[in-house]
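Contents: one structure, followed by commentary.
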Amino acid sequence: MGKVTSEQIILALDVDTAEEALSWARRVKGRVGTLKVGLQLYLRDGPAVLRGLASLGMPVFLDLKFLDIPNTVAQAVAAVSPWTPRFLTLHASGGREMMEAAKSKAPKETCLLGVTVLTSLSEKSASEIGWAGGVQASVERLSALAKSAGLGGVVCSPQEAAGERKRWGNGEIVTPGVRPPGAEKGDQNRVLTPKEAIQAGASRIVVGRPVLQAKQPEAVLDQILAG
């Protein structure tokens, strides 16, 4: 595989207001393919930012990581469906029935992604939770469950991307835990560089703080695109 393309970059809009988010959207347009709206922004200013991103023609990764009983998750998916996000996340640990219920309410244009094991979790964390076999076995088990439920792909760390590419074929493998060379890991544990993640099998990479906190954010994105 070659260099990272702009279409493969998802920028995490981990900010507090629609004004900030839309400013970033205008600033990075052309350098990223999708903008991620997570819990922080959605709970503070969700409708305003989603309206604004739609007006800019920017695809949205709505990263709300739904996890509840099947009916509750199905109704939550129905509630956000009018926004027609490009991607919408569920915790695969909610089980097959929950994921199938979510799929029944999702727009055909929305790709549902099963979140496997959060990239902040280490082997020790997985053990404390009680996941037998550790991180790798847990990712494989949850990914297989998401696939059997008919989802469009998974969210995993770039370190698991190669194995998941074999499982999913042309499906979406979205990897947070991506850090440009020299960037601090922060609270992420299982990381690779953007180029390494794509070469491993990721279809898209999520990057946030290394861009948002940079003195020259455009330069960071250009560095990622240059490989």
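Residues checked against (1) under 19 Å from the mean Cα position of the chain (by Cα); (2) farther than 29 Å from Ser104 by Cα:
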| position | (1), (2) |
| --- | --- |
| Gly130 | no, yes |
| Gly134 | no, yes |
| Ala146 | yes, no |
| Pro180 | yes, yes |
> Does the stretch 23-32 contain any residue that is of a type in the set (Gly, Ala, Ser), at pLDDT 95 or above and surrounded by fewer than 18 Cβ atoms within 10 Å (Cβ to Cβ)?
Replying inline: yes
> So Lys124 fits all but one of (1) more than 17 Å from Ala149 (Cβ to Cβ); (2) among the basic types (Lys, Arg); (3) in contact with a helix residue (DSSP H, G or I) (Cβ under 9 Å, 6 or more places away or on another chain); what number is the exception?
Replying inline: (3)
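Scan the helices (runs of 4 or more DSSP H) fully inside the stretch 1-93 and keep the ones with 1 or more residues being within 27 Å of Ser138 (Cα to Cα). Let's see the steps before the verdict.
Working: elements: 18-28, 39-55, 70-80.
Where helices (runs of 4 or more DSSP H) fall fully within the stretch 1-93 and carry at least 1 residues being within 27 Å of Ser138 (Cα to Cα), they are 39-55, 70-80.
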> Only one of Leu90, Leu56 is in contact with a helix residue (DSSP H, G or I) (Cβ under 6 Å, 6 or more places away or on another chain), touching a residue at least 40 places away in the same chain (Cβ under 8 Å) and within 28 Å of Arg31 (Cα to Cα); which?
Replying inline: Leu90
> Just wondering, is there one or more residues in the stretch 60-76 that are under 13 Å from the mean Cα position of the chain (by Cα), surrounded by 14 or more Cβ atoms within 10 Å (Cβ to Cβ), at pLDDT 95 or above and of a type in the set (D, E, K, R)?
Replying inline: yes
>> Residue under question is Ala126, and the condition is that it be small (Gly, Ala, Ser), farther than 23 Å from Arg27 by Cα and in contact with a Ser or Thr (Cβ under 7 Å, 6 or more places away or on another chain); does it hold?
In response: yes
> In the list Ala102, Ala92, which residue meets the criterion of being at pLDDT 95 or above, farther than 20 Å from Ala161 by Cβ and of a type outside the set (Lys, Arg)?
Replying inline: Ala102
> If you go through the stretch 154-195 one residue at a time, how many are modelled with pLDDT under 85, among the basic types (Lys, Arg) and surrounded by 19 or more Cβ atoms within 10 Å (Cβ to Cβ)?
Replying inline: 2
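The values are calculated or read from the model by the stated rules, or taken from the named source; none is laboratory data. Everything numeric here is computed off the predicted structure, so don't read it as measured data. Heads up, the Cβs are rebuilt from the backbone with ideal geometry, glycines too, and the neighbour counts pull from every protein chain shown.
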